[in-house]
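Q: I have a structure here, written as structure tokens, and I will follow up with some questions on it.
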Ligand code: HEM
């Protein structure tokens, strides 16, 4: 059998604790000791062989998807997203479902959402207090959640939108708490649901009276999850009763889709895909936006350059979303943010047969990891990698095996164009309408939130001035 590359020999439980506590530091320590490729052994996981050099990454992203199963490698998400989530599929079914889900996140269909994105950002900006510190991360979450509820779910203002918003805020907070993260990453998915049911319907075990429902935070996570499901099914039933397929939202389109046998998606399938888009599509963009604002405020020269570009390209008056494509420095700033602070540190593929990756022969069963965090810091690809310098991206198309915050190959993020468009509109609007500064004394570290790496403390800022919608002072 092929031997695996070297890696830390600490017991799996200890390696897992490190991975949970500070994945970035762990990956960096391994890279310093073992170089571009090493093996991690975590609790309850097959060996992970981690790659960060362009050759290895290219092999992972261009290899045969029949041999490189991302769905299987993403199994930890099953207890949250359900087994019919695109993230958990492989093979033909994955390709078919992906083809179905791509169109609204691209081209004209996506651009039709631009004004919604801008208007949602405006309403949030209008509510920010002047002169008092507030956490910008929470505000970005508010914006991106609202955008996704309106564009993907097609919910207009009303009680269902209010309830869904409140539930998803709670669900995300619980799911990304320490307990939620530990449950997500440590609980074998096949047990998660069963134990969940036990916690929902308390069982007393004889004289010991072990009441599992007392595991309260976890129980709340399950409970909120069920309420989210109920609301989704309510919306599906109502739409079916209305029987009109009007609407330019993603759900309308998923409901209208038919497979080769002419069958529509079942309610459970629709629920799983909808939840995937709602969860994958808002926390990610919000966290990248929070990092972008943090990094911009840390670098006054970047803030100045963004201001100059804004004045030169978009001029006065409300933002014309069609101008977004002309903001090259803003685009570069966002990319440099995602290079230096990628919110997802790795993407994984389970090997279904022996494969040669990055010049190494690997056996079936191991998980090949394309390490975003390390690849984005490689000095060979990024001179002076710690330096925050958006100009690196000006006039250059980054190499897809050196810069891949959205993953790659046939599994690259479905929402990439949508997320970039949304983040640029929100940032452009923030830069046009408010003068922000970092709240004094705030120190921001990289902190795990669920499967993402987020700024600690929510990035406290102070708003010094706000311009109106017409940008009159
Ligand atoms: C800054 C924002 C975002 C980042 C950094 C991000 C990152 C990622 C990454 C790293 C993957 C895994 C790719 C791989 O395995 O190679 C992924 C997959 C995915 N993302 Fe995103 N994402 C973002 C926003 C969104 C949005 C807005 C949506 C939808 C509305 C979305 C929906 C998905 C879906 C459905 C997949 C699964 C694709 C598949 O398995 O074929 N993401 N994303």
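Q: Any idea which of 163, 190 is surrounded by fewer than 21 Cβ atoms within 10 Å (Cβ to Cβ), in contact with a helix residue (DSSP H, G or I) (Cβ under 7 Å, 6 or more places away or on another chain) and either at pLDDT 80 or above or in a helix (DSSP H, G or I) (or both)?
A: 163
Q: A further question follows. What is the one condition in (1) away from the ligand (no atom under 14 Å from the Cβ); (2) assigned to a helix (DSSP H, G or I) that residue 338 does not satisfy?
A: Evaluating residue 338 over (1) away from the ligand (no atom under 14 Å from the Cβ); (2) assigned to a helix (DSSP H, G or I) leaves (1) as the failure.
Q: Can you tell me which residue within the stretch 420-458, out of those that are touching a strand residue (DSSP E or B) at 6+ places or on another chain (Cβ under 6 Å) and assigned to a loop (DSSP other than H, G, I, E, B), is nearest to residue 371 (Cα to Cα)?
A: Taking the candidates together, the pick is 444.
Q: Hey, can you tell me all the residues within the stretch 343-381 that are more than 16 Å from the ligand (Cβ to nearest atom), at negative phi, crowded, with 20+ Cβ neighbours inside 10 Å and part of a loop (DSSP other than H, G, I, E, B)?
A: 366, 377
Q: Can you name every residue in the stretch 13-64 that is assigned to a loop (DSSP other than H, G, I, E, B) and in contact with a strand residue (DSSP E or B) (Cβ under 8 Å, 6 or more places away or on another chain)?
A: 22, 36, 41, 42, 45, 46, 47, 52, 53, 63
Q: Given the structure, is residue 240 away from the ligand (no atom under 16 Å from the Cβ) and without any contact (Cβ under 8 Å) to a residue 40 or more places away in the chain?
A: yes
Q: Looking for whichever is surrounded by 18 or more Cβ atoms within 10 Å (Cβ to Cβ), within 24 Å of residue 393 (Cβ to Cβ) and in contact (Cβ under 8 Å) with a residue 40 or more places away in the chain here; the options are 254, 275, 279, 330. Which one fits?
A: 330
Q: Go through (1) at pLDDT 90 or above; (2) more than 15 Å from the ligand (Cβ to nearest atom) for residue 98 and report which single condition fails.
A: Only one criterion is unmet by residue 98, namely (2).
Q: Can I ask one more? All but one of (1) in a helix (DSSP H, G or I); (2) over 16 Å from residue 422 (Cα atoms); (3) within 15 Å of the ligand (Cβ to nearest atom) hold for residue 279, so report the exception by its number.
A: Condition not satisfied by residue 279: (2).
Q: Restricting attention to the stretch 407-425, which residues are within 6 Å of the ligand (Cβ to nearest atom) and farther than 13 Å from residue 338 by Cα?
A: 408, 411, 412, 413, 414, 415, 418
Q: Within 16 Å of the ligand (Cβ to nearest atom) and either in contact with a helix residue (DSSP H, G or I) (Cβ under 8 Å, 6 or more places away or on another chain) or under 15 Å from residue 63 (Cβ atoms) (or both): which single residue out of 388, 404 fits that description?
A: 404
Q: For residues that are out of contact with any strand residue (DSSP E or B) (no Cβ under 7 Å at 6 or more places or on another chain) and over 14 Å from residue 275 (Cβ atoms), scanning just the stretch 83-96, find the one that is surrounded by the most Cβ atoms within 10 Å (Cβ to Cβ).
A: Going through the qualifying residues, I end up with 89.
Q: Next question, about the same structure. Does the stretch 77-95 hold any residues that are in a helix (DSSP H, G or I) and either at pLDDT 90 or above or away from the ligand (no atom under 13 Å from the Cβ) (or both), and which are they?
A: 78, 79, 80, 86, 87, 88, 91, 92, 93, 94, 95
The values are calculated or read from the model by the stated rules, or taken from the named source; none is laboratory data. Fair warning: this is a prediction, and the values are worked out from it, not measured in the lab. Here Cβ is always computed from backbone atoms with ideal geometry, including for glycine, and neighbour counts include all displayed protein chains.
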